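K.L.:
Okay, here's the structure, questions in a sec.
Rule-based calculations on the coordinates, nothing more; no lab input. For clarity, every value in this text was computed on a predicted model and none was experimentally measured. Positions of Cβ are generated from backbone atoms using ideal geometry, with glycine treated the same way; all protein chains shown enter the neighbour counts.
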């Protein structure tokens with residue numbers, strides 16, 4: 001005979017742990033003799049769990065939606081924080097990357113089938129809509145099994161699990177590729193920490209795009225009117241004869257001076273407050289304006305979407321180097337949303353390897369009497385190897401802008417020699433390909449990496465590039481060792497050939 | 001006395017960082033209008049700027065939700081957007097007989113739950129979201145909604161019973 005009515009709200013209060021200790025004890029007395037009520041409590045808990053899970057699966061509104069309207073901007077996510085969080089190097093970043101890469105994927109609720117391992121070349125193959133919250137992929141889903149705890153990579157045995165390197169995609173079938181601008185740099189520290197601890201990093205943890213973006217490059221600064229500048233450069237790929245390497249660089253303008261803080265006033269809402277309250281409102285606005293100005297200064301451009309359209313008349317196939325399995329979200333768990341913002345003063349680098357179409361035989365002068373004009377209706381378009389299309393909005397402007405930058409270049413045989421800066425980017429990418437043991441690493445070698453890096457050392461303000469070269473040497477030594485020196489204490493070092 | 005500006009700025013920043021988006025979601029559900037929700041959330045943070053952390057007493061989320069809710073209700077009243085939180089609606093929805101647990105498990109899925117939620121009376125939807133989406137306690141929900149704790153408990157109990165019944169019905173969504 002049930003004693004507790006099914007409609008008694010105490011059942012729910014008890015199930016949700018919302019009772020005072022005294023009430024709880026008393027209620028438990030009643031429950032003891034009431035199996036039906038106990039069953040009801042169980043079901044309430046189950047329903048509550050389902051409800052919480054369902055509600056947690058609802059997306060939070062985007063902050064950028066706030067920005068997308070011509071309103072004050074102080075509500076914006078503090079992008080400066082999310083960037084600076086990733087800029088410091090060292091153990092913190094290293095731990096952080098493990099946390100994001102290894103811990104979070106395991107604990108975050110994700111839609112099924114979003115892991116990337118089964119989608120070769122996904123970054124290039126994703127549909128036109130730019131990778132966003134919905135397509136955030138499960139980075140390190142496999143590595144989560146391998147490295148259950150944050151910490152240094154444990155060894156080469158755990159490699160070969162996670163990332164499938166991007167394959168070449170044919171330009172005819174997949175003319176469009178995209179990459180994200182919110183690329184981190186902590187992947188470089190993972191590599192460095194691993195190598196310095198005496199082991200090559202597991203291939204699955206090598207993020208080439210983060211390694212490449214750890215370094216700064218000499219990109220042209222944007223003109224005063226523009227928040228960012230796009231530059232492209234194409235040269236022969238060092239590691240594959242006949243292939244080309246394209247470097248696309250976005251450079252955000254430097255943060256404007258503090259004086260421009262007045263540029264973002266918070267408009268006055270209709271106020272019915274007293275004059276005294278009005279003054280405090282004014283003070284509040286000042287404060288928010290300051291917050292907004294801080295944020296705006298930290299961003300060169302927001303909602304940046306980069307799309308690269310390859311010309312199938314010149315490009316047979318291409319691949320985006322790195323970005324294999326990128327976690328587009330890298331933010332606080334509770335706030336996880338892709339901030340596709342380009343921080344002020346920051347640059348983003350993407351590298352594409354291209355397999356060009358064989359050129360048609362040049363018209364011979366001997367048959368010039370019978371001219372056959374090549375079918376070039378629009379030389380400007382057909383001659384371009386690729387076109388970078390950039391969409392972005394300025395931090396304080398509601399309207400987006402689109403920039404289209406075609407890459408015109410000579411035939412592969414007539415390309416000028418690459419700049420030292422370009423070579424250095426190629427060296428870093430090559431290092432990554434080597435560490436990944438990437439099937440498309442071509443003829444990349446330790447010698448080649450060092451050779452490519454060398455000219456770029458002349459321009460090394462922070463010393464990072466020199467550190468890179470010594471890191472390459474260390475990795476090379478580890479690689480040439482017959483066995484990984486995992487536990488050298490037990491046996492004397494007999495690794496020299 | 002108000003704290004130093006930097007400290008106050010940090011306080012507001014942190015509040016925005018933690019609560020802006022949940023607050024937007026909550027108010028948007030109240031109003032059914034994301035644009036108006038943004039206005040209200042914005043005004044709410046302006047009001048927050050006039051508070052000191054001491055005045056809020058560590059209950060920033062509660063304070064924000066309370067203030068934003070009041071503003072949202074003003075909008076609803078003024079513009080007659082919807083019948084706001086019709087009191088008494090809940091009485092009609094009383095839990096039916098319990099159903100076997102095994103049956104419930106197969107039925108519980110996010111989509112189903114989310115599809116059922118809008119069928120609840122507004123006031124139940126609201127407390128459900130405050131409890132299970134924003135993680136507020138009965139006491140906090142009571143403060144935000146100006147309901148008694150008993151009322152909050154009743155609304156939640158009724159909402160859960162309804163959802164459980166719907167989820168276990170053979171012909172559920």
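K.L.:
Assuming R0 = 30 Å, what is the FRET efficiency of residue A:445 and residue A:174, from their Cβ-Cβ distance, to the nearest 0.05? Before the final figure, lay out the partial values.
P.N.:
Numbers: r = 30 Å, r/R0 = 1.00.
Result of the calculation: an efficiency of 0.50.
K.L.:
Can I ask one more? Hey, for a label at residue A:464 modelled as a point 7 Å past Cα toward Cβ, could you say which residues of segment A:413-437 have their backbone N under 18 Å away?
P.N.:
A:420-433, by backbone N distance to the label point.
K.L.:
Then there is this: Going by how many other Cβ atoms sit within 10 Å of their own, how do B:75, A:428, B:12 line up, fewest first?
P.N.:
Going from least to most buried by this count: B:75, B:12, A:428.
K.L.:
Using Cβ counts within 10 Å as a stand-in for footprinting exposure, how do A:19, A:211 rank, fewest first? Provide the component values of the computation, followed by the final result.
P.N.:
On the way: A:19 18, A:211 24.
The order, fewest Cβ neighbours first, is A:19, A:211.
K.L.:
In whole Å, what is the distance between the alpha-carbon centres of segment B:1-76 and segment B:106-173?
P.N.:
24 Å
K.L.:
Could you tell me the calculated FRET efficiency between residue B:78 and residue A:45, based on Cβ-Cβ distance and R0 = 60 angstrom, to the nearest 0.05?
P.N.:
0.90
K.L.:
With a/c under 1.5 counting as rounded, go ahead and sort segment A:191-248 into rounded, prolate or oblate using the C-alpha gyration tensor (a ≥ b ≥ c being the square roots of the eigenvalues; past the cut-off, prolate if a/b is larger than b/c, else oblate).
P.N.:
Working: a/c = 3.57, a/b = 1.54, b/c = 2.32.
It is oblate, given that a/c is not under 1.5 and a/b is not larger than b/c.
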